[in-house]
Amino acid sequence: MSAKILIYDIETAPLISYTWGLWDQNIALNQIKQDWHVLSWSAKWLDSKEVMYADQRDAANIEDDKAILEKIWNLLNEADVVVTQNGKQFDQKKLNARFIIHGMQPPSPYRHIDTLELAKKNFGFTSNKLEYLSDKLCTKHKKFTNRSNYSGFELWKACLAGDQKAWQTMEKYNKHDVLALEELYKKLIPWHNPVNLNVYTEELANKCSCNKPKLTKNGFKMTNTGKFQVYQCQNCGAQTRGRTNLLSKEKRDSLEGSV
């Protein structure tokens, strides 16, 4: 078996509150008319054709998101690794907040790969937003921007008002973001993969992060105390290094370190 990698994205309803102005507002708790909740989510298993989706369009009470939360909780509970865009700061924390409000327990532990973090750490893009990154790097799926008559916040506003065409657009928008995120993940991960996927299988032959076994020797990684074989994937170009120090014991013992 290999690691189960879940790619997901959520959309949330805004806070509805009373204010006396547009700028620099300090909203007190008693000014909140309606709290935020999850409007929809979309998810897919890496390389699966099925894109899963759930939303609140048919809910008797749109604020009661427990039913759709239970569905994504089950997916997270099954996942070994999850992939998000800005999910460590937004999606994961928002879901956890709704989980605990509904009395749900934490899902089984999983590793989290955030493409926003990968982009910030390894590159100097003009923007690290999904819209920019998918436009520059993805060839098949880019962030969905054609929302018909629902530009910007109008889509969320129309969904809250029960506009069924708006919900159809939200579903297309949410699903397409997940497809764009999957393609972006595959573009970025050869440059830096924070998760060793080989620990999720008992097979001794290592595979690349793209799940291909096409690894060939490609030079050496030198450190201050060692020399390690480097392997490169012939499918995606990702590079890994062996764990065995190829320097002889005598050579290692002769090395001096800085004070």
Note to self: For segment 72-111: of the residues being hydroxyl-bearing (Ser, Thr, Tyr) and over 26 Å from PRO14 (Cβ atoms), which is nearest to the chain's Cα centre (by Cα)?
What the structure shows: TYR110
Next item on the list: Kindly provide the set of residues from segment 163-214 that are of a type in the set (Lys, Arg), within 21 Å of VAL230 (Cα to Cα) and touching a residue at least 60 places away in the same chain (Cβ under 8 Å), ordered by number.
Entry: LYS207
Check: On the given criteria, is LYS175 surrounded by 12 or more Cβ atoms within 10 Å (Cβ to Cβ) and touching a Ser or Thr at 6+ places or on another chain (Cβ under 6 Å)?
Finding: yes
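If I filter segment 36-59 down to residues being among the basic types (Lys, Arg) and in contact (Cβ under 8 Å) with a residue 12 or more places away in the chain, which single residue comes out as surrounded by the fewest Cβ atoms within 10 Å (Cβ to Cβ)? Steps first, answer last, please.
Of segment 36-59, the ones among the basic types (Lys, Arg) are 44, 49, 57.
So of that shortlist, the ones also in contact (Cβ under 8 Å) with a residue 12 or more places away in the chain come out as 44, 57.
Values: LYS44: 23, ARG57: 17.
Selected residue: ARG57.
Among the listed residues PHE153, PHE144, PHE125, which satisfies the condition of being within 26 Å of ASP47 (Cα to Cα) and of a type in the set (Phe, Trp, Tyr)? Explain how you work it out, then say what you get.
Numbers: PHE153 fails: within 26 Å of ASP47 (Cα to Cα); PHE125 fails: within 26 Å of ASP47 (Cα to Cα).
PHE144 is the lone residue from the list that is within 26 Å of ASP47 (Cα to Cα) and of a type in the set (Phe, Trp, Tyr).
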Next item on the list: Hey, can you tell me all the residues within segment 98-117 that are exposed (fewer than 13 other Cβ atoms within 10 Å of the Cβ) and either of a type outside the set (Val, Ile, Thr) or touching a residue at least 60 places away in the same chain (Cβ under 8 Å) (or both)?
Entry: GLY103, GLN105, PRO106, SER108, PRO109
Checklist line | Pair list, Cβ < 9 Å and 6+ apart or interchain, from segment 237-259 residues that are within 11 Å of LYS227 (Cα to Cα) to residues that are part of a loop (DSSP other than H, G, I, E, B) and among the hydroxyl-bearing types (Ser, Thr, Tyr) | finding: ASN245/THR223; ASN245/THR225; LEU247/THR225; ARG252/THR225
Item checked: Options LYS71, LYS33, LYS88; residue that is touching a Ser or Thr at 6+ places or on another chain (Cβ under 7 Å) and surrounded by fewer than 20 Cβ atoms within 10 Å (Cβ to Cβ) -> LYS33
Check: Quick check: anything in segment 135-142 in a helix (DSSP H, G or I), among the aliphatic types (A, V, I, L, M), modelled with pLDDT of 95 or more and exposed (fewer than 13 other Cβ atoms within 10 Å of the Cβ)?
Finding: no
Notebook entry, point to check: How many of the residues making up segment 158-172 are crowded, with 20+ Cβ neighbours inside 10 Å and among the aliphatic types (A, V, I, L, M)?
Noted result: 2
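Every residue, every condition in (1) under 20 Å from PHE123 (Cβ atoms); (2) out of contact with any Asp or Glu (no Cβ under 6 Å at 6 or more places or on another chain), yes or no:
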{"position": "TYR173", "(1), (2)": "no, yes"}
{"position": "PRO190", "(1), (2)": "yes, yes"}
{"position": "TYR200", "(1), (2)": "no, no"}
{"position": "GLY237", "(1), (2)": "yes, yes"}
Next item on the list: Report yes if some residue within segment 189-208 is modelled with pLDDT of 85 or more, of a type in the set (Phe, Trp, Tyr) and under 29 Å from SER40 (Cα atoms); otherwise report no.
Entry: no
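The values are calculated or read from the model by the stated rules, or taken from the named source; none is laboratory data. Quick caveat: nothing in here was measured; it's all calculated off a predicted structure. Neighbour counts are summed over all protein chains in view; Cβ atoms, including those assigned to glycine, are modelled from backbone coordinates with ideal geometry.
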